[in-house]
Amino acid sequence: MKNNLVILSGAGISAESGIKTFRDADGLWENYSIEEVATPQAWQNNPELVQKFYNERRLNVISVKPNDAHHYFSRLQEYFNVQVITQNIDDLHERAGSKHVLHLHGNIRYAKSSGPNKEKKYYLIEGHELKMTDQCEDGYPLRPHVVWFGEEVPLLATAAEMVAQADILIVIGTSLQVYPAAGLIHYAPQNALKIVVDPLAEKLSVPGDFKLLNYSAQGAIPFLKEILGH
Ligand SMILES: NC(=O)c1ccc[n+]([C@@H]2O[C@H](COP(=O)([O-])OP(=O)(O)OC[C@H]3O[C@@H](n4cnc5c(N)ncnc54)[C@H](O)[C@@H]3O)[C@@H](O)[C@H]2O)c1
């Protein structure tokens with residue numbers, strides 16, 4: 001029987017693909033502040049700016065490729081039951097071939113209603129641009145399928161159950177500063193093998209039972225191979 005391998009990934013795994021992380025960019029995300037582009041208030045105050053910001057992010061995502069780390073985790077499906085839980089809104093895990101990917105914070109390639117039933121249905125966006133005139137069938141304008149700061153994380157409980165089933169948990173490329181996602185590591189069983197991959201890992205406050213690999217996502221692959229045997 002295959003062991004359950006759970007990957008909890010964040011912006012850092014996609015950094016070497018050419019998508020900027022969030023906290024490494026001096027507190028600014030591509031020169032915008034969180035408040036003006038990634039909150040429900042931002043959408044209320046200036047939806048055009050929010051659309052523009054995510055249209056730019058979507059163009060970036062479409063134009064880059066999965067890197068060796070995304071591909072490595074996809075290959076591990078041969079040896080483990082791999083469940084990816086990603087905080088990323090890019091789709092690079094899927095494009096590398098990972099079959100089980102839960103997007104905690106949504107998927108930028110999709111749109112959803114900006115009305116009260118926003119989690120009812122997701123629409124694949126053709127190309128990179130979502131326009132203010134693009135309407136959902138419920139009559140509300142479509143907004144990006146992302147979870148903004150201050151919004152509920154609908155898949156959190158599902159993700160916690162997945163982490164609780166882990167034989168191995170790899171936390172990679174996340175500063176573990178965005179809650180509630182960061183709290184997921186505490187659901188891992190006591191006897192699971194737990195690994196953190198992050199070039200700044202020593203600065204992260206992870207519990208002592210995590211093995212720290214102080215490397216970039218791609219740089220850590222040889223060490224992960226040694227630990228996992230594949
Ligand atoms: N690619 C994306 O979809 C993307 C990009 C930026 C931000 N976000 C969103 O912003 C929030 C930020 O939280 P977060 O913890 O994911 O990101 P974060 O920016 O807070 O932290 C990124 C972490 O990645 C590490 N890192 C940097 N380069 C790396 C590399 N080459 N390999 C491995 N690790 C590297 C950093 O040291 C840092 O700890 C998330 O909710 C996420 O949805 C997503």
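The values are calculated or read from the model by the stated rules, or taken from the named source; none is laboratory data. From a predicted model like this one, the values you see are computed outputs, not experimental measurements. Note: ideal-geometry Cβ built from the backbone for every residue, glycine included; neighbour counts use all protein chains shown. The accessibility values were calculated without ligands, DNA or RNA, using every heavy atom of the protein model including side chains. Shrake-Rupley method; radii C 1.70, N 1.55, O 1.52, S 1.80 Å.
Quick notes on this structure:
- Under 18 Å from K112, Cα to Cα: aspartates and glutamates that are on another chain or at least 8 residues apart: E48, E56, D90, D91, E126, E129, D134, E137, D138, E151, E152
- Three-way shape label, segment 180-230, alpha-carbon gyration tensor, a/c 1.5: oblate
- Over the chain, the ratio between the Cα radius of gyration and 2.2 N^0.38 Å evaluates to 1.01.
- Carbon plus sulfur fraction of accessible area for segment 59-211, probe 1.4 Å, in percent: 50
- Only beta bridges with both residues in the chain are counted; by DSSP, about 25 percent of them are antiparallel.
- Loop-located GluC sites (Glu not before Pro) in segment 1-104 (DSSP state other than H, G, I, E, B) with a sparse environment of at most 15 neighbouring Cβ atoms within 10 Å: E30.
- N117 versus E36: modelled label distance in nm, points set 7 Å from Cα along the beta carbon direction: 3.5
- Segment 127-170 and segment 53-88 have Cα centres separated by 16 Å.
- Based on protein heavy atoms only, segment 1-111 ends up with 44 Å² per residue of surface accessible to a 1.4 Å probe.
- Sorted from longest to shortest, the spans of the Cα atoms of segment 167-206 along the three principal axes equal 25, 21, 13 Å.
- Kyte-Doolittle mean at least -1.0 and Cα axial length at least 20 Å: DSSP H helices in the chain: 47-63
- Its convex hull of Cα atoms gives segment 1-114 a direction-averaged projected area, equal to a quarter of the hull surface, of 7.5 nm².
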